[in-house]
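Here is the structure we will look at, set down as structure tokens.
The values are calculated or read from the model by the stated rules, or taken from the named source; none is laboratory data. Computed from a predicted model, the values in this text were never measured in an experiment. Here the Cβ positions follow ideal geometry from the backbone for every residue, glycine too, while neighbour counts run over all protein chains shown.
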Amino acid sequence: MKNINSRLAQLAAVGAMLVLFGAGCTTTTKKTTAAPDMGVWKTSDRGQTWVLKKALVDGPKVTAGMAEIGVQVLAADPQDRSAIYVGTQDSGLIYSLNGGDSWQYAENLDALDIKGVAVDPKNKCTVYALSANKIFKTKNCGRDWGVTFFDPRTDRTFTQIVPDWFNPTFLYAGNNDGDIYKSADEGVSWQAVKRVNAGVTSMFVSPQDSRVVYVGTDGDGIWKSLDSGVTWVQIRKEFGDIGNARLVIKLVPDPTDANRIYNVYKGGIAKTEDQGNTWTALNLVTDIGENSITDLSIDPNNPKRLVYTGPTALVFSADGGATWEAKKLPTTNKGNVLLTDVKDGNVVYLGIIPTKKKK
């Protein structure tokens, strides 16, 4: 790949073609055709209307190919809200530099199953991607990618990677077998700092104190470190009678309050107001497949505004989860991941996966 300026120039050159693929058309949540409708949908009015961002640039061609791609991960560049990265099901890493108006493949990562993506918080040209038992890295905005770490055990799959926002030389990663790793040198070398009894499903560094790290698991509850991964404590019995809360799908921190964390689990959403010491289950809309909630996103500028997704609906709250409003998905396929714009909470990206898995 060329540098950022040349890539932007390429996008400008094909910009006139984007309207052919609906990049500038407003699409409501009602579907009237059986055309491919996966990929990334975007709303600028908090779910009232949606646009399928399907324009995929492939060399000199622009196609609607993004609509045929299953999305597993959505990540934004912390320094550039228009730079969006998509980890796909077997179609590699795809990125946009214009808020989803057009997309491009990351070279050398095509046809890979991408489980995780992370952008260096202080160097936008450094990006990490997870596929199978490998961690890939670029230091030059994607012109070159290399394997910065791999697990020789081929049955292991990396599922999570997050950088320390205060000191991005520190990185944390987790896999499907419960191994938690840390790197202190931008991913050059890694050390296993903890092994838990279930696969790692979610991970974040506290937005208020980067020494605090939370790791969610598929059955072993939450593990928490207060000293950058040196020691760990388990949060499991603290769930009380919220039995399934130990089956963590996604941990989501409140961006303004270090005490408040949401746990999307197999059965609902639980919230803590004291960093995990006590939890309460939120009252959710119960007729939209509550057991299949896949993601929760918070408006960074108004943490009372929440949205979660599942296979059949998007559900919004404006009061911190006290009440909810369900809206039908703008697709015939399944809602999977969400990303709320860091500056404008009305802008939400929705990643879609196919209703039926490929054989």
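Matching residues to (1) under 23 Å from residue 95 (Cα atoms); (2) at pLDDT 95 or above; (3) of a type in the set (Gly, Ala, Ser); (4) not in a loop (DSSP other than H, G, I, E, B):
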{"position": "296", "(1), (2), (3), (4)": "yes, yes, no, yes"}
{"position": "300", "(1), (2), (3), (4)": "yes, yes, no, no"}
{"position": "316", "(1), (2), (3), (4)": "no, yes, no, yes"}
{"position": "337", "(1), (2), (3), (4)": "yes, yes, no, yes"}
{"position": "351", "(1), (2), (3), (4)": "yes, yes, yes, yes"}
{"position": "359", "(1), (2), (3), (4)": "no, no, no, no"}
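Could we say that residue 129 is in contact (Cβ under 8 Å) with a residue 60 or more places away in the chain and within 18 Å of the chain's Cα centre (by Cα) here? Quick ask: steps written out before the conclusion?
Working: in contact (Cβ under 8 Å) with a residue 60 or more places away in the chain: no; within 18 Å of the chain's Cα centre (by Cα): yes.
Here the answer is no, as residue 129 does not meet what is asked.
Could you give every pair whose Cβ atoms fall below 9 Å, whose first residue belongs to segment 180-201 and is in contact (Cβ under 8 Å) with a residue 12 or more places away in the chain and on the phi > 0 side of the Ramachandran plot, and whose second residue is surrounded by fewer than 13 Cβ atoms within 10 Å (Cβ to Cβ) and in a loop (DSSP other than H, G, I, E, B), counting only separations of at least 6 or pairs across chains?
That search, which allows pairs on different chains as well, returns nothing.
Tell me which residues, restricted to segment 231-241, are surrounded by 12 or more Cβ atoms within 10 Å (Cβ to Cβ) and either farther than 19 Å from residue 213 by Cα or of a type in the set (Lys, Arg) (or both). Working first, answer last.
First pass over segment 231-241, keeping only residues surrounded by 12 or more Cβ atoms within 10 Å (Cβ to Cβ): 232, 234-236, 238-240.
Of everything in segment 231-241, those that are surrounded by 12 or more Cβ atoms within 10 Å (Cβ to Cβ) and either farther than 19 Å from residue 213 by Cα or of a type in the set (Lys, Arg) (or both) turn out to be 236, 240.
Check 210, 183, 225 and return the single one that is surrounded by 18 or more Cβ atoms within 10 Å (Cβ to Cβ), more than 22 Å from residue 132 (Cβ to Cβ) and among the small types (Gly, Ala, Ser).
Values: 210 fails: surrounded by 18 or more Cβ atoms within 10 Å (Cβ to Cβ); 183 fails: more than 22 Å from residue 132 (Cβ to Cβ).
Selected residue: 225, the only one of 210, 183, 225 that is surrounded by 18 or more Cβ atoms within 10 Å (Cβ to Cβ), more than 22 Å from residue 132 (Cβ to Cβ) and among the small types (Gly, Ala, Ser).
Test of understanding: among 331, 323, which residue is under 18 Å from residue 271 (Cα atoms), in contact with a strand residue (DSSP E or B) (Cβ under 9 Å, 6 or more places away or on another chain) and either of a type in the set (Lys, Arg) or part of a loop (DSSP other than H, G, I, E, B) (or both)? Can you show your working first?
Details: 331 fails: under 18 Å from residue 271 (Cα atoms).
So the residue among 331, 323 that is under 18 Å from residue 271 (Cα atoms), in contact with a strand residue (DSSP E or B) (Cβ under 9 Å, 6 or more places away or on another chain) and either of a type in the set (Lys, Arg) or part of a loop (DSSP other than H, G, I, E, B) (or both) is 323.
Looking only at residues that are of a type in the set (A, V, I, L, M, F, W, C), under 20 Å from the mean Cα position of the chain (by Cα) and under 17 Å from residue 312 (Cβ atoms) in segment 267-294, which one is modelled with the lowest pLDDT? Before you say what the answer is, go through the steps one by one.
Residues of segment 267-294 of a type in the set (A, V, I, L, M, F, W, C): 269-270, 279, 281-282, 284-285, 288, 293.
Next, from what is left, pick out any that are under 20 Å from the mean Cα position of the chain (by Cα): 269-270, 293.
Applying the additional criterion that residues be under 17 Å from residue 312 (Cβ atoms) yields 269, 293.
Values: 269: 96, 293: 92.
Going through the qualifying residues, I end up with 293.
Residues checked against (1) under 26 Å from residue 249 (Cα atoms); (2) touching a Gly at 6+ places or on another chain (Cβ under 9 Å); (3) at pLDDT 95 or above:
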{"position": "63", "(1), (2), (3)": "no, no, yes"}
{"position": "72", "(1), (2), (3)": "yes, yes, yes"}
{"position": "105", "(1), (2), (3)": "no, yes, yes"}
{"position": "108", "(1), (2), (3)": "no, yes, no"}
{"position": "118", "(1), (2), (3)": "yes, no, yes"}
{"position": "125", "(1), (2), (3)": "no, yes, yes"}
{"position": "131", "(1), (2), (3)": "yes, yes, yes"}
{"position": "145", "(1), (2), (3)": "no, no, yes"}
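Kindly state which strands (runs of 3 or more DSSP E) lie completely within segment 242-285 and contain at least 2 residues that are small (Gly, Ala, Ser) and buried (at least 16 other Cβ atoms within 10 Å of the Cβ). Reasoning before the result, please.
On the way: elements: 248-253, 261-265, 268-272.
Where strands (runs of 3 or more DSSP E) fall fully within segment 242-285 and carry at least 2 residues being small (Gly, Ala, Ser) and buried (at least 16 other Cβ atoms within 10 Å of the Cβ), they are 268-272.
Any chance you could count how many residues in segment 86-100 are touching a Ser or Thr at 6+ places or on another chain (Cβ under 9 Å) and surrounded by fewer than 22 Cβ atoms within 10 Å (Cβ to Cβ)? Talk me through it step by step, then tell me what you get.
Initially, segment 86-100 is screened for residues touching a Ser or Thr at 6+ places or on another chain (Cβ under 9 Å), giving 86-87, 92-94, 96-100.
Checking the rest, the ones that are also surrounded by fewer than 22 Cβ atoms within 10 Å (Cβ to Cβ) come to 92, 97-99.
Counting residues in segment 86-100 that are touching a Ser or Thr at 6+ places or on another chain (Cβ under 9 Å) and surrounded by fewer than 22 Cβ atoms within 10 Å (Cβ to Cβ) gives 4.
Against the definition (within 23 Å of the chain's Cα centre (by Cα), over 24 Å from residue 114 (Cα atoms), modelled with pLDDT under 95 and of a type outside the set (D, E, K, R)), how does residue 167 come out, yes or no? Steps first, answer last, please.
Numbers: within 23 Å of the chain's Cα centre (by Cα): yes; over 24 Å from residue 114 (Cα atoms): yes; modelled with pLDDT under 95: no; of a type outside the set (D, E, K, R): yes.
The answer is no for residue 167.
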